[in-house]
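A.B. asks: Mind looking over this structure? Questions follow.
The values are calculated or read from the model by the stated rules, or taken from the named source; none is laboratory data. Computed from a prediction, not measured in an experiment: that's the story for all the values here. With ideal geometry, Cβ positions are generated from the backbone for all residues, glycine too; neighbour counts draw on all protein chains shown. Just so you know, the surface numbers come from the protein's heavy atoms only, side chains and all, with ligands and any DNA or RNA stripped out. Shrake-Rupley method; radii C 1.70, N 1.55, O 1.52, S 1.80 Å.
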Amino acid sequence: MIKASSLFYAIVISLLIAIVSSSLILFAYLSTIQFDNFEMSQRLKLNVDSGISLLLSKQSIVEPNQQKTVDLYGTKEDEVFLSRKTWGAYELIISKAVFKNQQEIKIAQIGYFSDTIKKYSLYLADEDKPLAVCGKNIIKGTAYLPKAGIKRAYIEGQNFVGNNMVDGQIKESEKQLPKFNEALINIIEGYLSKKEFSENDSIVEIANELSGDSIKNSFLNKTIVFETDALLSILNGFYAGNIIISSSKQITVSSDAFLDNVILVAPKIIFEKHVNGVVQAFASDSIIVKENVTLLYPSCLAVIKTTDVIPVSAIVLNENDSISGAVFCFKKTQNPLKQVGVILKKNTFVYGQVFTSGYVDMQGVVVGSVMCNKILLTTPASVYENHLLNAEIDNTKLSKYFVGINLVEESEFKKVVKWLD
């Protein structure tokens, strides 16, 4: 005869077995869900990365300022939404993969990895005049110089100091500079004429100042364009991301304002002392950078001279300024009396590319490359042509991973400059 307690034990054991079995089934189910989610997440990441790789390649599927859905493997199960957009002198690419209720997005700012950047430290067009160097002048890397060559000079009481006038190869330059990238000129002219502003942008009319705002606009949103016909002062505040600030007259940036990857557009742009940030600034007249300004990579300062109204258009960097990225001036007008130039005063530092279809007045340091038609040296006593005094141009210190912009050629090697959100 079975005792009543045995039935109780059997029920308890059965209950324990049911709990354990249910736990095992639930654990297996949750593990399966977790594994499926992990697998889906990995698949989305791979698809997004494949989309980025496609956009970085030499492809014609997605053209600039286009959006397309691409079936990566022809199965209709791995589709990505790809888009390209010009962003100043650089380009933005966006890759988005979606599956059920999950998605993965990557946004990259890209530039061009060009051998030309590393091919020369100085390219001086041949105008039948030699380059004269004096003081503690340093040129490291390959230098393309006029057929007349390079010589020592004595200016401001200073002889050339050093053993080698060029620490590297010397090659002959051509009469004309290598042809400037017309596509880049057209893009910047589009900003200056407001043709680059599209109907999809959010246009915000403002008065004569920006202050007290903290605005960060994702590149997944519409571009915010702050626009005015007045003299504009950016007094303070934080402006980051997908933002363009445009004035028909002049923009002045105060040291209390912080700009991060923002584009400035005006005939004249002034950076006050101690400004810090990352910015692309495009002007038709001039860009004045006052003392102790730091513009981090990938910043870009560009002047495109299209009219003969102003005799000289220039980018002026003052003492203790530091710019990482690109600095360039281009003259479209054929009038020889109208000039463009880049002026680097004492203790200025540029890391990257310097180009001008006019002159460079160089008394600072460039780690990277300088390309110009002529060099001017302005002293209290006089102005000397094709003279360098206590300047430094060193291409050997430029990182082999530096990604610049297409100034004189259409490079096929696109590289990520920075990841955005």
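A.B. asks: Restricting attention to the range 363-381, does a residue exist that is crowded, with 24+ Cβ neighbours inside 10 Å, modelled with pLDDT under 95, hydroxyl-bearing (S, T, Y) and under 27 Å from I110 (Cβ atoms)?
C.D. replies: yes
A.B. asks: Additional query: Residues in the range 388-395: is at least one at pLDDT 95 or above and open to solvent by 10 Å² or more (accessible area, probe 1.4 Å)?
C.D. replies: Yes, there is a match, as at least one residue in the range 388-395 is at pLDDT 95 or above and open to solvent by 10 Å² or more (accessible area, probe 1.4 Å).
A.B. asks: Take the residues of the range 336-373 that are of a type in the set (F, W, Y) and either outside any strand (DSSP E or B) or touching a residue at least 24 places away in the same chain (Cβ under 8 Å) (or both): which is nearest to Y384 (Cα to Cα)?
C.D. replies: We begin by selecting, within the range 336-373, every residue of a type in the set (F, W, Y); these are 349, 351, 355, 359.
Narrowing further to those that are either outside any strand (DSSP E or B) or touching a residue at least 24 places away in the same chain (Cβ under 8 Å) (or both): 349, 351, 355.
Numbers: F349: 22, Y351: 25, F355: 20 Å.
The residue in question is F355.
A.B. asks: Please state which one of F349, F328 is aromatic (F, W, Y) and under 29 Å from D308 (Cβ atoms).
C.D. replies: Values: F349 fails: under 29 Å from D308 (Cβ atoms).
Matching residue, one of F349, F328: F328.
A.B. asks: Still on this model: Is it fair to say Q109 is at pLDDT 95 or above and either closer than 15 Å to E385 by Cβ or not in a loop (DSSP other than H, G, I, E, B) (or both)? Step through it out loud before you land on a result.
C.D. replies: Numbers: at pLDDT 95 or above: yes; either closer than 15 Å to E385 by Cβ or not in a loop (DSSP other than H, G, I, E, B) (or both): yes.
Answer is yes for this residue.
A.B. asks: Pick from K106, K76, K68: which is among the basic types (K, R) and surrounded by 15 or more Cβ atoms within 10 Å (Cβ to Cβ)? Full working, then the answer.
C.D. replies: Numbers: K76 fails: surrounded by 15 or more Cβ atoms within 10 Å (Cβ to Cβ); K68 fails: surrounded by 15 or more Cβ atoms within 10 Å (Cβ to Cβ).
When all the criteria are applied, what remains is K106.
A.B. asks: Check A148, A153, A125 and return the single one that is in contact with a Cys (Cβ under 6 Å, 6 or more places away or on another chain), hydrophobic (A, V, I, L, M, F, W, C) and either surrounded by fewer than 20 Cβ atoms within 10 Å (Cβ to Cβ) or farther than 30 Å from F81 by Cβ (or both). Lay out the reasoning, then the answer.
C.D. replies: Details: A148 fails: in contact with a Cys (Cβ under 6 Å, 6 or more places away or on another chain); A125 fails: in contact with a Cys (Cβ under 6 Å, 6 or more places away or on another chain).
After ruling out the rest, the residue left standing is A153.
A.B. asks: Here's another thing I want to ask about it. Does E91 count as surrounded by 21 or more Cβ atoms within 10 Å (Cβ to Cβ) and either at pLDDT below 85 or within 24 Å of the chain's Cα centre (by Cα) (or both)? I'd like the intermediate steps shown before the answer.
C.D. replies: Values: surrounded by 21 or more Cβ atoms within 10 Å (Cβ to Cβ): yes; either at pLDDT below 85 or within 24 Å of the chain's Cα centre (by Cα) (or both): yes.
When the stated conditions are applied, E91 passes them.
A.B. asks: Quickly run through the range 269-311 and pick out the residues that are touching a residue at least 40 places away in the same chain (Cβ under 8 Å) and open to solvent by 10 Å² or more (accessible area, probe 1.4 Å).
C.D. replies: If the condition is that a residue be touching a residue at least 40 places away in the same chain (Cβ under 8 Å) and open to solvent by 10 Å² or more (accessible area, probe 1.4 Å), then S284, Y297, T306 are the ones that fit.
A.B. asks: What residue, among those in the range 156-169 that are of a type in the set (A, V, I, L, M, F, W, C) and more than 11 Å from A132 (Cα to Cα), is most open to solvent (accessible area, probe 1.4 Å)? Before you say what the answer is, go through the steps one by one.
C.D. replies: Residues of the range 156-169 that are of a type in the set (A, V, I, L, M, F, W, C), as a first pass: 160-161, 165-166.
Going one step further and asking which of them are more than 11 Å from A132 (Cα to Cα), we end up with 161, 166.
Working: V161: 92, V166: 17 Å².
Step by step, filter the range 156-169, then rank; the result is V161.
A.B. asks: Within the range 178-197, can you find the residues that are surrounded by 12 or more Cβ atoms within 10 Å (Cβ to Cβ) and either on the phi > 0 side of the Ramachandran plot or part of a loop (DSSP other than H, G, I, E, B) (or both)?
C.D. replies: P178, F180, N181, S193, K194, E196, F197
A.B. asks: A follow-up question, please. Give me the strands (runs of 3 or more DSSP E) completely within the range 198-316, filtered to those with at least 2 residues that are in contact with a strand residue (DSSP E or B) (Cβ under 7 Å, 6 or more places away or on another chain) and closer than 20 Å to V350 by Cβ, ordered by residue number.
C.D. replies: Details: elements: 202-205, 213-217, 224-228, 231-241, 243-247, 250-265, 268-271, 276-283, 286-289, 294-305.
Per the criteria, 250-265, 268-271, 276-283, 286-289, 294-305.
A.B. asks: Only residues that are surrounded by fewer than 18 Cβ atoms within 10 Å (Cβ to Cβ) and of a type in the set (F, W, Y): list them for the range 220-255, please.
C.D. replies: F238 - this is the single residue of the range 220-255 that is surrounded by fewer than 18 Cβ atoms within 10 Å (Cβ to Cβ) and of a type in the set (F, W, Y).
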